[in-house]
Amino acid sequence: MRINEIKNILKAEVLFGETAMENSIVAGGSADLLDDILYAAAKDCVLLTGAVTLDSIRKATVAEIGVIVMVRGKEIDKKILKLAKENNIPVLTTDFSLFVASGRLYSAGLRGLDGTW
C-alpha cells in the first residue's frame, strides 16, 4: 500500500512528507504507549499513534518506519515536526481514533506486522 492510499483511507492531512506519497508501506502497527512503539513498528511500516511526543519520533527513527499517522486529531508541536523532518519521516494526522484508523487500514488490506489478516 502506498502512503497516498493511507492518506485517503484515513482522510488524513500531510504535515510533512508530500514528496513521499508514492512510497510503499509493507505493514502496519498501532501503539500509544512509548514502550510499545518499537514493538509495534518495523522498517517501512505505518505507525498509528496518539503519542505525540519527541520520543515517539525518536523510536520511529530507530525502527526505520515509513510513515507516522497521529490519530485523534491531536495538535503536533513544531519541535516534533522538526525532528520528523530532520529524520525524513513523513507525518500525517487524522481525526479517527487509533481503533478506527487501524480498522480502516486493515479492511483496506494492510497486513499487521506478523503478516496476518
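For segment 1-47, what are the residues that are among the polar types (S, T, N, Q) and free of Cβ contacts under 8 Å to residues at least 40 places away in the same chain?
Scanning segment 1-47 gives N4, N8, T19.
Sort through V100, V91 and tell me the only one that's crowded, with 21+ Cβ neighbours inside 10 Å and either modelled with pLDDT of 95 or more or touching a His at 6+ places or on another chain (Cβ under 9 Å) (or both).
It is V91.
Take segment 101-115 and flag every residue that is touching a residue at least 24 places away in the same chain (Cβ under 8 Å) and either in contact with a strand residue (DSSP E or B) (Cβ under 8 Å, 6 or more places away or on another chain) or not hydrophobic (A, V, I, L, M, F, W, C) (or both).
A101, S102, R104, L105, Y106, G109, L110, R111, G112, L113, G115
Scan (1) modelled with pLDDT under 90; (2) farther than 22 Å from S24 by Cα; (3) β-branched (V, I, T) for the single condition V52 breaks and write down its number.
V52 satisfies every listed condition except (1).
Tell me which residues, restricted to segment 44-64, are acidic (D, E) and either touching a helix residue (DSSP H, G or I) at 6+ places or on another chain (Cβ under 7 Å) or surrounded by 23 or more Cβ atoms within 10 Å (Cβ to Cβ) (or both).
Across segment 44-64, the qualifying residue is only D55.
The values are calculated or read from the model by the stated rules, or taken from the named source; none is laboratory data. No experiment lies behind these values; they were computed from the predicted model shown. Because the Cβ atoms are built from the backbone with ideal geometry, glycine has one as well, and the counts that use them run over all protein chains shown.
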